[in-house]
Every structure is written in C-alpha cells, then in structure tokens.
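*Asks:* Let me give you the structure first, and then I'll get to my questions.
The values are calculated or read from the model by the stated rules, or taken from the named source; none is laboratory data. The shown structure was predicted, so the numbers you read here are calculated from the model rather than taken from an experiment. Using ideal geometry, Cβ is built from the backbone for each residue, glycine included, and neighbour counts are taken over all protein chains shown.
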Amino acid sequence: MKFYTKKKRMPQIIIVSLIDILAILLIFFIVTTTFRKQITQVNIRLPHSETATPSAATSHASIILALRGPNQVTLDGKPVQMEILSSALQNARAASPDRSFAMQVDRDAPFALVVHALDALTKAGLKNVPTFTEPKKNQ
C-alpha cells in the first residue's frame with residue numbers, strides 16, 4: 001500500500017514586508033539627518049573660585065602665555081601673532097629651559113582662541129601646562 005507523502009518545500013523568507021520596513025527606516029533617517037545643525041562654537045562661562053589664592057611661584061618663575069579679549073595673545077608680556085605662536089613658544093623654551101610655562105585666560109577670550117593656544121603648546125612640545133584665570137576683582 002502506497003501512502004501519500006507531501007513534498008517538503010524549501011523554507012522561504014517573505015521579503016515584501018521587510019521592504020516596507022526598510023523604506024520607512026530610510027525615510028526616517030533621511031528626515032532626521034537633514035534637520036541636524038552643525039555647532040561651530042561653544043560658549044563657556046569660566047567659573048570663579050572664592051577660595052583660590054595667587055601662587056607666587058606661578059606668577060614670577062613661569063613664562064606666562066596670556067589670552068585676553070578676542071585676539072590678544074601675549075607671551076611673557078610681549079604680543080605674539082597666533083600664526084607664529086608655536087615657534088615663539090619653542091624659542092622661549094630654548095632660551096630659558098629652566099623656567100616653566102603657564103597659561104592665563106581672560107574671561108572674555110573666545111574658546112576657539114584657547115583651543116588654538118592649546119594646539120600651539122602641544123606643537124611646541126609642552127604638555128600639562130597649568131591654566132588659570134585672573135583673580136576676582138573687588139567691586
């Protein structure tokens with residue numbers, strides 16, 4: 001006696017519904033990425049310390065890189081252009097290798113200027129340079 005046996009079908013993945021989901025995801029990602037804005041500048045308010053005291057060693061023995069206002073950069077009291085800051089730092093380091101470096105940042109200095117100064121310090125081979133702000137003025 002011969003019984004009827006079903007032929008086994010190969011398993012299949014139905015992709016029609018997957019194409020719909022893919023289209024919805026594609027539309028979602030296109031819409032969400034077109035509304036993203038590039039942020040080019042970060043505004044940071046530097047905090048004031050109520051208990052910090054000035055250090056005599058930092059202010060007298062160090063070569064101070066001062067960043068004031070929008071584009072005022074001074075190295076040990078002498079104005080320096082931002083384009084040649086790295087080479088000026090290297091020259092100052094070679095001229096007095098026994099002195100350390102410190103960076104003084106004014107509250108009105110833009111953050112981009114600070115980043116450029118940090119890049120110049122790194123290019124000059126100076127790392128972990130202490131950074132401070134001006135003491136709070138009595139009003």
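*Asks:* Among the residues of the stretch 93-106, which ones are under 17 Å from residue 128 (Cα atoms) and not hydroxyl-bearing (Ser, Thr, Tyr)?
*Replies:* First, pick out the residues of the stretch 93-106 that are under 17 Å from residue 128 (Cα atoms): 93, 97-105.
Those that are under 17 Å from residue 128 (Cα atoms) and not hydroxyl-bearing (Ser, Thr, Tyr): 93, 97, 98, 99, 101, 102, 103, 104, 105.
*Asks:* Those residues that are surrounded by fewer than 18 Cβ atoms within 10 Å (Cβ to Cβ), at pLDDT 85 or above and either in a strand (DSSP E or B) or in contact with a Ser or Thr (Cβ under 6 Å, 6 or more places away or on another chain) (or both), I need them from the stretch 87-139; list them, please.
*Replies:* Selection gives 123 alone.
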